[in-house]
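Contents: one structure, followed by commentary.
The values are calculated or read from the model by the stated rules, or taken from the named source; none is laboratory data. For clarity, every value in this text was computed on a predicted model and none was experimentally measured. Positions of Cβ are backbone-derived with ideal geometry, glycine not excepted, and every protein chain shown enters the neighbour counts.
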Amino acid sequence: MAFDDYKADYLLVMRAEHGSVAPAFISKGEEIGDVRFDIPYQLITVLSRIYPQIPKGKIAVVVRKCDELALNELFKRGIIDGKRIFKIGLACDENIIDKCRCPDPVPSKVDIGEPKKGVAEDATVTRLRKMSPDERLKFWVRQFRKCNKCFGCTITCPVCFCENQCVLGERTLVAEKSIPPGLAFHLVRSFHMADKCIECGECERACPAEIPLLTFRKMVHADMKELYGFTPGDEKTVSPLLTTLEGEPLEDEKNVC
Amino acid sequence: MTEFNPTILAFCCNWCSYAGADLAGVSRLQMPPNVHVIRVMCSASVKPEYVFKALSEGIDGVLVLGCHIGDCHYLTGNHRTAKRFPLAQKILNDVGIDERRLKLDWVSAAEGEKFQTVITEFVSQIKQLGPNPLREVKF
Amino acid sequence: MPRIGVFICHCGHNIASTVDVEKVAEFAKTLPNVVVAAHNMYSCSEEGLGAIRKSIEENKLDRVIVAACTPRTHEPLFRRNCERAGVNKYLFEFVNIREHVSWIHAKEPEAATEKAKMLVAMGVAKAALLEPQEESESSVIPVAVVIGGGISGLAAMSALVSQGIETHLIEKEKQLGGILKDIAVIGPEMKSTKELLDKMIKEIKCSPKAHFHLSSRMTDMQGFVGNFEVTITGDDKCSVKVKAGAIIVATGGREWTPKGEFGFGKIPGIITQLELEKRLAKGDVPDNAVFIQCVGSRIPGRDFCSRFCCNASIKNALRIIEAKPNAQVTILHRDIMSYGTTAERVYRDAAEKGVRFMRYGLDSLPKIEKRGDGLSVEVFDETLDDVIGMSIDTIVLAVPMVPIENVKDVATQLKVPVDKLGFFLEAHVKLRPIEFATEGIFICGTARWPSQVSECIAQGLGAAAKASIPIRKGKVVIEPITSSCNIEKCIACGNCVAACPYQAIEIVETDGKRHAFVTEAKCKGCGNCVAACNNDAMQQKGFTTTQLSAMIDALVKNAMEASQ
């Protein structure tokens with residue numbers, strides 16, 4: 001890799017050093033070092049943290065398909081200026097695709113790696129959908145009971161851009177000193193994420209209690225598709241939760257539920 | 001075993017459904033006493049967070065009642081209500097809470113009878129579904 | 001620490017006959033922050049209000065809860081009462097235990113009492129978190145718009161311009177007068193409608209403040225009380241925007257067209273009342289006639305009485321007899337509605353002058369057949385208990401008055417409700433007639449329900465009187481239920497900007513931080529932004545998330561405890 005390839009002033013990649021692989025924000029002129037593409041990590045989250053401190057200059061960042069979608073969500077909201085970002089497309093390999101149960105692992109432009117096929121369905125989602133509501137509830141209660149409110153999921157999420165102002169830290173919805181937090185915590189998070197989540201799976205990787213968070217995200221993702229034909233990560237479309245009923249699939253007098 | 005007596009929360013908008021509820025009262029239309037009304041200005045101000053909170057804490061059912069589409073006192077307010085709640089229902093379904101515990105319906109200021117019907121049917125539905133399983137769950 | 005006083009109202013036996021008011025008061029005493037809980041017979045009476053003020057003073061209360069009827073009637077009264085006692089009027093919370101409890105759970109007094117307790121607990125939880133608010137004022141444009149140039153619209157307009165208030169009247173036809181244009185005289189005094197209308201219109205036109213928009217309709221309405229903007233479009237497609245402080249709806253009604261009842265449309269010689277009026281005006285008097293009352297009225301699906309049709313038929317029967325003394329006129333009815341002294345006298349008069357009145361039933365409708373050049377009518381007279389046959393030339397069907405065809409358009413543009421039948425619905429039948437729940441918009445005439453001409457005129461004058469109040473005051477008070485953004489919690493995601501139906505919110509920058517900002521004058525207090533905000537940054541005064549969450553917590557706590 002070379003800076004000149006991308007006409008960028010900064011480079012954001014995963015780099016191996018001191019025996020481990022971590023995100024590295026490299027300025028032009030510095031040595032690039034040993035860049036790695038086989039460790040999945042949310043570089044967009046890192047980007048959104050660093051961005052406010054970089055007033056000008058172009059940033060080149062390695063993006064998988066999910067990262068590209070996350071960038072679109074941030075561009076749409078004016079949080080990051082799309083003209084300043086140069087995307088280096090990374091096609092994930094089978095190992096990672098399987099772990100993420102990813103249906104669409106190929107970015108719009110592939111610079112690194114070979115495009116591979118995605119996974120058609122997530123086995124856990126399929127199993128859960130076949131269960132009765134009671135069984136499903138037992139499953140999720142057992143999972144969410146493990147939560148210790150570390151907020152790892154929200155901190156690593158690229159489209160969870162509320163940072164210090166996250167409502168889940170408020171006492172009104174989630175009682176003080178409650179660990180594990182009630183189910184409301186996870187339901188509210190899912191609702192907030194519904195029109196933004198791009199299924200990168202970072203939340204699941206970050207969770208110390210190994211709660212299958214990505215599975216739940218996938219279920220909600222399918223709901224949004226079914227209800228509104230909407231998939232987050234689109235460059236232009238405003239979230240259907242913010243628009244009126246004109247032209248929406250729900251448009252008629254009988255949309256009671 | 002004593003009969004299950006559900007505790008139900010209802011959000012009613014000031015201009016239509018709350019007035020419809022008042023009309024039902026004035027007309028002395030009888031209905032089961034399980035529904036507790038919170039008055040809001042518009043159904044669009046009902047945050048899905050309230051619904052999730054109520055159901056997580058053990059409330060057996062939540063009703064959100066607004067103006068008919070096109071009649072909202074605040075123009076397109078109820079459009080957004082109509083968008084938010086089907087999604088909230090789906091999320092409830094995904095986690096395993098029966099989505100029928102949340103209901104969105106439209107009741108105008110003149111529809112005292114409809115209010116009576118909506119309440120009676122919802123209470124009966126919730127009785128059928130049984131107590132909210134999260135009542136027993138200690139988090 | 002808030003000091004809350006709870007006052008449970010008996011409302012005579014309206015509440016107390018079902019809800020155990022004393023038990024609710026006892027329960028209220030156990031709730032957090034409640035300093036005193038009392039019950040009184042009629043909280044809204046002078047005595048009741050005085051007792052509340054006394055308690056506020058004695059107990060140094062700073063929050064007041066009244067558990068009684070619906071806030072939609074007496075909230076302003078109790079708020080003012082708090083103010084008198086030195087408590088900010090927005091530190092008052094109303095709990096509805098009449099319309100929402102005692103009147104709808106009349107057979108379950110125990111459950112009703114429990115529910116009342118829950119609602120009081122929720123009210124107390126909210127009240128503890130209420131903040132004092134100050135009302136703001138908005139100026140009123142001293143112009144009125146009247147929609148409809150029939151008799152009630154004209155009456156309203158004449159009252160307005162005589163006060164010197166600039167008034168614009170919108171009429172869809174080329175001429176003013178509404179339905180009265182087609183009716184030559186009105187009973188019971190047989191007054192000429194032309195004279196009545198001409199006089200009224202002439203008086204109005206004397207004023208330079210009167211503006212007529214004929215052959216025009218309202219095509220759009222924006223704004224709120226004191227600051228409406230009405231778009232008036234003529235048949236020639238030219239539009240003009242009028243800014244106004246008050247709007248009066250006087251769009252009237254129309255005669256229902258029978259769908260073949262009694263052979264209408266199939267057999268010649270069968271006409272409606274309006275058709276008869278037109279003929280009589282031209283001097284075309286039938287030699288004999290049978291009137292059939294309640295055609296399409298007082299039946300399932302249209303079960304109301306249109307009030308004026310009996311008087312109209314009697315009036316027209318008398319006109320026929322006066323023109324042709326030998327005419328045989330019969331009125332077939334299902335009850336004669338001629339209320340008041342004059343109408344009752346005219347009814348007797350008509351009977352004495354030879355008009356025949358026969359009562360028929362819904363189960364034995366008159367049979368109409370063509371016979372030769374004329375018609376035959378067979379009716380089972382309930383009083384005589386026998387079938388009577390008649391040969392006549394003309395049958396007049398007295399049909400109901402129904403709402404105008406495009407009433408839904410008008411209702412949607414103004415955002416006002418209509419009832420099941422399509423007539424406009426006023427704020428409250430007894431306490432707030434002639435006005436809509438929406439401030440600044442008023443209703444008069446047959447658009448509200450079928451009325452006699454004298455009633456329409458009275459309602460028009462009444463609507464004008466009410467409409468002139470905000471115009472005269474020059475300002476209206478804006479209820480403090482607007483939204484605002486907590487800058488610290490805001491991340492400028494733009495959800496609220498997209499969700500606001502009034503485009504009252506924008507993203508601005510303050511000290512380097514981007515956040516949402518609400519223009520209060522544009523905010524109508526719907527709370528859409530609150531629900532769209534993921535960060536709890538948008539809050540609506542009087543309906544904050546902490547307040548509503550506290551209400552949910554109170555219900556959960558007390559209901560779960562009760563069921564254990």
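Hey, any hits in the stretch C:133-144 for a residue that's buried (at least 23 other Cβ atoms within 10 Å of the Cβ) and touching a Ser or Thr at 6+ places or on another chain (Cβ under 9 Å)?
Step one: of the stretch C:133-144, the residues buried (at least 23 other Cβ atoms within 10 Å of the Cβ) are C:144.
Filter once more, so that each one left must be touching a Ser or Thr at 6+ places or on another chain (Cβ under 9 Å): C:144.
Yes.
From the list C:354, C:296, exactly one residue is assigned by TED's automatic domain parsing to the domain that holds residue C:263 and crowded, with 18+ Cβ neighbours inside 10 Å. Which is it? Walk me through it before giving the result.
Details: C:354 fails: crowded, with 18+ Cβ neighbours inside 10 Å.
Exactly one of C:354, C:296 is assigned by TED's automatic domain parsing to the domain that holds residue C:263 and crowded, with 18+ Cβ neighbours inside 10 Å, namely C:296.
Could you run through the stretch C:153-172 and say how many residues are of a type in the set (S, T, N, Q) and under 19 Å from residue C:414 (Cα atoms)? Spell out how you get there, then give the answer.
Residues of the stretch C:153-172 that are of a type in the set (S, T, N, Q), as a first pass: C:158, C:162-163, C:167.
Retained after the next criterion (residues that are under 19 Å from residue C:414 (Cα atoms)): C:167.
Looking only at that region, the number is 1.
Exactly one condition in (1) at the interface with chain B (Cβ under 10 Å from one of its Cβ atoms); (2) under 20 Å from residue B:88 (Cβ atoms); (3) in contact (Cβ under 8 Å) with a residue 12 or more places away in the chain; (4) touching a Lys or Arg at 6+ places or on another chain (Cβ under 8 Å) is false for residue C:549; which is it?
Among (1) at the interface with chain B (Cβ under 10 Å from one of its Cβ atoms); (2) under 20 Å from residue B:88 (Cβ atoms); (3) in contact (Cβ under 8 Å) with a residue 12 or more places away in the chain; (4) touching a Lys or Arg at 6+ places or on another chain (Cβ under 8 Å), the lone unmet condition for residue C:549 is (3).
So is residue C:73 crowded, with 24+ Cβ neighbours inside 10 Å and either among the aromatic types (Phe, Trp, Tyr) or in contact (Cβ under 8 Å) with a residue 60 or more places away in the chain (or both) or not?
Numbers: crowded, with 24+ Cβ neighbours inside 10 Å: no; either among the aromatic types (Phe, Trp, Tyr) or in contact (Cβ under 8 Å) with a residue 60 or more places away in the chain (or both): yes.
Answer is no for this residue.
Residue under question is residue B:75, and the condition is that it be at pLDDT 95 or above and either touching an Asp or Glu at 6+ places or on another chain (Cβ under 9 Å) or facing chain C (nearest Cβ under 9 Å) (or both); does it hold?
Details: at pLDDT 95 or above: no; either touching an Asp or Glu at 6+ places or on another chain (Cβ under 9 Å) or facing chain C (nearest Cβ under 9 Å) (or both): yes.
The answer is no for residue B:75.
With respect to residue B:136, is the statement that it is charged (D, E, K, R), modelled with pLDDT of 90 or more, surrounded by fewer than 21 Cβ atoms within 10 Å (Cβ to Cβ) and over 14 Å from the mean Cα position of the chain (by Cα) true? Break it down into steps so the answer makes sense when it comes.
On the way: charged (D, E, K, R): yes; modelled with pLDDT of 90 or more: no; surrounded by fewer than 21 Cβ atoms within 10 Å (Cβ to Cβ): yes; over 14 Å from the mean Cα position of the chain (by Cα): yes.
No: the conditions fail for residue B:136.
Sort out which residues of the stretch C:397-454 are assigned to a loop (DSSP other than H, G, I, E, B), more than 30 Å from residue C:330 (Cα to Cα) and of a type in the set (Val, Ile, Thr), and write them in order of number. Even if it seems obvious, please write down each step before you answer.
Of the residues in the stretch C:397-454, the ones assigned to a loop (DSSP other than H, G, I, E, B) are C:398-400, C:404-406, C:415-417, C:419-423, C:425-427, C:429-431, C:433-434, C:436-440, C:444, C:448-452.
Imposing the further condition that a residue be more than 30 Å from residue C:330 (Cα to Cα) reduces the set to C:404-406, C:415-417, C:419-423, C:425-427, C:429-431, C:433-434, C:436-440, C:444, C:448.
Across the stretch C:397-454, the qualifying residues are C:404, C:416, C:429, C:434, C:438.
Counting just the residues of the stretch C:470-492 that are out of contact with any Lys or Arg (no Cβ under 6 Å at 6 or more places or on another chain), under 15 Å from residue C:536 (Cβ atoms) and surrounded by 16 or more Cβ atoms within 10 Å (Cβ to Cβ), which one comes out farthest from the other protein chains (Cβ to nearest Cβ)?
Only one residue tops the list, namely C:484.
With C:110, C:99 as the choices, which residue is crowded, with 24+ Cβ neighbours inside 10 Å and either more than 31 Å from the chain's Cα centre (by Cα) or facing another protein chain (nearest Cβ under 10 Å) (or both)?
Working: C:110 fails: crowded, with 24+ Cβ neighbours inside 10 Å.
Going through C:110, C:99 in turn, the sole match is C:99.
Can you find, within the stretch B:19-54, the residue that is surrounded by the most Cβ atoms within 10 Å (Cβ to Cβ) among those that are more than 7 Å from every other protein chain (Cβ to nearest Cβ) and touching a Gly at 6+ places or on another chain (Cβ under 7 Å)?
B:43
Return the pair list, or none, for Cβ contacts closer than 9 Å from residues in the stretch C:28-50 that are at positive phi to residues that are surrounded by fewer than 17 Cβ atoms within 10 Å (Cβ to Cβ) and hydrophobic (A, V, I, L, M, F, W, C), at least 6 apart or on different chains.
Partner pairs satisfying both residue conditions: C:33/C:1.
Restrict the check to the stretch B:76-96 and report whether at least one residue is closer than 21 Å to residue C:533 by Cα, part of a loop (DSSP other than H, G, I, E, B) and either aromatic (Phe, Trp, Tyr) or without any contact (Cβ under 8 Å) to a residue 40 or more places away in the chain (or both). Steps first, answer last, please.
Filtering the stretch B:76-96 for residues closer than 21 Å to residue C:533 by Cα gives B:76-92.
This time we only want the ones that are part of a loop (DSSP other than H, G, I, E, B), so: B:76.
In the following step, the residues that additionally are either aromatic (Phe, Trp, Tyr) or without any contact (Cβ under 8 Å) to a residue 40 or more places away in the chain (or both) were identified as B:76.
Yes, because at least one residue in the stretch B:76-96 is closer than 21 Å to residue C:533 by Cα, part of a loop (DSSP other than H, G, I, E, B) and either aromatic (Phe, Trp, Tyr) or without any contact (Cβ under 8 Å) to a residue 40 or more places away in the chain (or both).
So in the stretch B:6-15, with the set limited to residues that are more than 7 Å from chain C (Cβ to nearest Cβ) and in a loop (DSSP other than H, G, I, E, B), which one is modelled with the lowest pLDDT?
B:14
Is it true that residue C:458 is more than 14 Å from chain B (Cβ to nearest Cβ) and surrounded by fewer than 18 Cβ atoms within 10 Å (Cβ to Cβ)?
Values: more than 14 Å from chain B (Cβ to nearest Cβ): yes; surrounded by fewer than 18 Cβ atoms within 10 Å (Cβ to Cβ): yes.
Yes.
How about the stretch A:97-173: which helices (runs of 4 or more DSSP H) wholly inside it have at least 2 residues that are in the same structural domain as residue A:201 (by TED's automatic domain parsing) and surrounded by fewer than 17 Cβ atoms within 10 Å (Cβ to Cβ)?
Numbers: elements: A:123-130, A:133-144, A:152-156.
Qualifying helices (runs of 4 or more DSSP H): A:123-130, A:133-144.
So, in the stretch A:40-86, how many residues would count as being under 13 Å from the mean Cα position of the chain (by Cα) and outside any helix (DSSP H, G or I)?
The total comes to 5.
Among the residues of the stretch A:124-140, is there at least one that is among the hydroxyl-bearing types (Ser, Thr, Tyr), closer than 30 Å to residue A:76 by Cα and in contact (Cβ under 8 Å) with a residue 12 or more places away in the chain? So that I can check it myself, show each step before the final result.
Step one: filter the stretch A:124-140 for residues among the hydroxyl-bearing types (Ser, Thr, Tyr), giving A:124, A:126, A:132.
Then drop every residue that is not closer than 30 Å to residue A:76 by Cα, which leaves none.
No, the stretch A:124-140 contains no residue that is among the hydroxyl-bearing types (Ser, Thr, Tyr), closer than 30 Å to residue A:76 by Cα and in contact (Cβ under 8 Å) with a residue 12 or more places away in the chain.
Give the number of residues within the stretch C:72-98 that are under 18 Å from residue C:547 (Cα atoms) and assigned to a helix (DSSP H, G or I).
Looking only at that region, the number is 3.
Checking the condition in contact (Cβ under 8 Å) with a residue 60 or more places away in the chain and surrounded by 14 or more Cβ atoms within 10 Å (Cβ to Cβ), which residue from C:345, C:359, C:334, C:319 passes? Step through it out loud before you land on a result.
Details: C:345 fails: surrounded by 14 or more Cβ atoms within 10 Å (Cβ to Cβ); C:359 fails: in contact (Cβ under 8 Å) with a residue 60 or more places away in the chain; C:334 fails: in contact (Cβ under 8 Å) with a residue 60 or more places away in the chain.
Going through C:345, C:359, C:334, C:319 in turn, just one is in contact (Cβ under 8 Å) with a residue 60 or more places away in the chain and surrounded by 14 or more Cβ atoms within 10 Å (Cβ to Cβ): C:319.
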